[in-house]
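Below is one structure; the comments refer to it alone.
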Amino acid sequence: MNLPSSSTSPEEEAQLLKQLRQVLLSEDREALAAIREMLEDEAQLSEKVSPIIRQHLAFLKENFHEEYGVIIEEIVSKKLSESQDEIVNMIFPKLNTIIKKFITAQFQILKEGIDTQIKTVQNRFSPKNLFNRFFGPSDSDIVLSQLDHPEVHEVYLVQRESGLLLGSYAKEKNTDQDVIAGMLTAIKSFAEDAFNRGKEDLEMIQYENYKIFLHNLPSYYFAVAMTGSISTSEKENLSNKLITFAQENVPFDTTNVNSTLTDRISTALAKHFVHFNIQE
Amino acid sequence: MLSKKVILTGSFGVGKTSLFERFINNKFEDKYLTTIGVKVGKKLVNTPNGDLSMMIWDIAGEVAQNKVPTSYFLGTSGIIYVFDVSRPSTYGNIAQDLAYLKSINKLTTIKIVGNKKDLATEAELKALQEEIPLPVDLFTSAKTGENVEKLFLDFATEMVG
Ligand SMILES: Nc1nc2c(ncn2[C@@H]2O[C@H](COP(=O)(O)OP(=O)(O)OP(=O)(O)O)[C@@H](O)[C@H]2O)c(=O)[nH]1
Ligand SMILES: [Mg+2]
């Protein structure tokens, strides 16, 4: 192509420009056609776009929390607080069963532990063991007495229904015995309600090193906090002691609880239990 | 001095534990820690009729009172039925609940208390009282402490007298 000289006429110039445009833009036109074709053909389009989407998805997977965590958290916590009632309604019945299951499982573990120890004793055929098997204390008594000696630390006399304290004795001055009496009664009610619907009385509560032995009478009960293990015969000694105490020191009518009554019973409890030896 | 048992009951989250803590320890906690089982507390109250050692049972809330173990109510001299003025679901059952409580505790005095008073205006409380089929004895706020002392003191006075 000859470059136009400066003396070209306007017609020639227009013609030249047209040619130039064709040369310069024909490539673009082809490219445009190709793009249009690609956009209209699904397979081609997906081939191009898929890797990009895939890459972006992978990125999101890795960085979702950073990118959107705050927003999602906001939405969730807003939803949660809006439907607090429903959630609590849903969780509550479950909680109850979970607690019951847990307690049952713990009891099972405790029982299995004792059973294994009883088996160990039965396997030892010393003459003493044989003698004990026929004439002496029961197997579980032996196992229990091998652990440690029982000692009475505190005695409570509690009105059965209300959980009000009728009197108490403690080796070491204790903080709030009224509150303990109430809590014991609540635990007792809960356990009796949950496990046998009140047909039987709860007899023992274990708490860390403490065992709380419960002795029930019609309108009140004794709670004796002890450390160590108590055998059946020692339990009997204790029960007899408590019954005697009740006969001698507790009035028939204990409906109205006042400090005159509780002071009197507490003094009597101290007198009876300060030197009490459960093994005699 | 006399000893008496009082029980706080009602639906969950209405502020039973908060009223208990406000009255016994003069504390308030914004966080909600639901009660499991029972918590028993004691407060010595001086009333014009004589002194009283009040044993207060704060029990776990239940949507309906017939779900509460009946043994908790045994030997109680007073029941405080608490609802939350800001949550209608906590007073929707009030008529059935009160009928039930009366049926199992014939001789016990029952007080109806609308708690979280700080979350409602006086006008709203008035409207609420009209909506509820039973007279509300007192509106309280465990948060600000308003009427909490009065609630327990009035009750103690009645019980001693
Ligand atoms: N604004 C306001 N909030 C309160 C008041 N009383 C209690 N709350 C709040 O309400 C929530 C529940 O209070 P709790 O005292 O635990 O309720 P509860 O009745 O003992 O609940 P359960 O033990 O589950 O039956 C807590 O977050 C408290 O901070 C009040 O007077 N005003
Ligand atoms: Mg509570």
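The values are calculated or read from the model by the stated rules, or taken from the named source; none is laboratory data. This is a predicted model, so every value here is computed, not measured. Backbone-built Cβ (ideal geometry, glycine too); neighbour counts: all protein chains shown. These accessible areas exclude ligands, DNA and RNA; they are computed on the full protein's heavy atoms, side chains included. Shrake-Rupley method; radii C 1.70, N 1.55, O 1.52, S 1.80 Å.
For the range B:13-39, give me the residue count where each residue is crowded, with 20+ Cβ neighbours inside 10 Å and away from chain A (no Cβ under 13 Å).
Total meeting the criteria: 7.
Scan the range A:266-280 for residues that are charged (D, E, K, R) and either assigned to a helix (DSSP H, G or I) or modelled with pLDDT of 80 or more (or both) and jot them down.
A:K271 - this is the single residue of the range A:266-280 that is charged (D, E, K, R) and either assigned to a helix (DSSP H, G or I) or modelled with pLDDT of 80 or more (or both).
Can you give me the number of residues within the range B:1-12 that are open to solvent by 20 Å² or more (accessible area, probe 1.4 Å) and either within 11 Å of ligand 2 (Cβ to nearest atom) or more than 7 Å from chain A (Cβ to nearest Cβ) (or both)?
Total satisfying the criteria: 1.
Among the residues of the range B:40-71, count how many are more than 8 Å from chain A (Cβ to nearest Cβ) and among the basic types (K, R).
2
Does the range B:16-35 hold any residues that are near ligand 2 (Cβ under 10 Å from one of its atoms) and modelled with pLDDT of 95 or more, and which are they?
Those that are near ligand 2 (Cβ under 10 Å from one of its atoms) and modelled with pLDDT of 95 or more: B:K16, B:T17, B:S18, B:L19, B:F20, B:E21.
Considering only the range A:154-193, state which residues are among the hydroxyl-bearing types (S, T, Y) and closer than 21 Å to B:I36 by Cβ.
A:T185, A:S189
Taking into account only those residues within the range A:149-189 that are part of a strand (DSSP E or B) and not aliphatic (A, V, I, L, M), which is surrounded by the fewest Cβ atoms within 10 Å (Cβ to Cβ)? Quick ask: steps written out before the conclusion?
We begin by selecting, within the range A:149-189, every residue part of a strand (DSSP E or B); these are A:151-159, A:165-170.
Remaining after also requiring not aliphatic (A, V, I, L, M): A:151, A:153-154, A:156, A:159, A:167-169.
Working: A:E151: 15, A:H153: 17, A:E154: 20, A:Y156: 27, A:Q159: 21, A:G167: 27, A:S168: 21, A:Y169: 24.
Among those residues, the one meeting the criterion is A:E151.
Being open to solvent by 30 Å² or more (accessible area, probe 1.4 Å), touching a Leu at 6+ places or on another chain (Cβ under 7 Å) and without any contact (Cβ under 8 Å) to a residue 60 or more places away in the chain is the requirement here; does B:S86 meet it?
When the stated conditions are applied, B:S86 passes them.
Condition check ((1) out of contact with any Ser or Thr (no Cβ under 7 Å at 6 or more places or on another chain); (2) open to solvent by less than 50 Å² (accessible area, probe 1.4 Å); (3) within 16 Å of ligand 2 (Cβ to nearest atom)) across all residues:
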{"position": "B:K116", "(1), (2), (3)": "no, no, yes"}
{"position": "B:L125", "(1), (2), (3)": "yes, yes, no"}
{"position": "B:I132", "(1), (2), (3)": "yes, yes, no"}
{"position": "B:A142", "(1), (2), (3)": "no, yes, yes"}
{"position": "B:E146", "(1), (2), (3)": "no, no, no"}
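Please verify whether A:G167 is within 28 Å of the chain's Cα centre (by Cα) and at pLDDT 90 or above, treating the condition exactly as stated.
no
In this structure, does A:E192 turn out to be open to solvent by less than 50 Å² (accessible area, probe 1.4 Å), under 38 Å from the mean Cα position of the chain (by Cα) and within 14 Å of chain B (Cβ to nearest Cβ)?
yes
Which of the numbered conditions does A:A270 fail, given that it passes all the others? Conditions: (1) under 18 Å from A:G163 (Cα atoms); (2) open to solvent by less than 50 Å² (accessible area, probe 1.4 Å); (3) of a type outside the set (V, I, T).
All conditions pass for A:A270, except number (1).
Answer yes or no as to whether B:V38 is within 16 Å of ligand 2 (Cβ to nearest atom), more than 13 Å from the chain's Cα centre (by Cα) and in contact (Cβ under 8 Å) with a residue 24 or more places away in the chain.
yes
Take B:Y81 and decide whether it is of a type in the set (F, W, Y) and either within 13 Å of ligand 2 (Cβ to nearest atom) or within 22 Å of B:P135 (Cβ to Cβ) (or both).
yes
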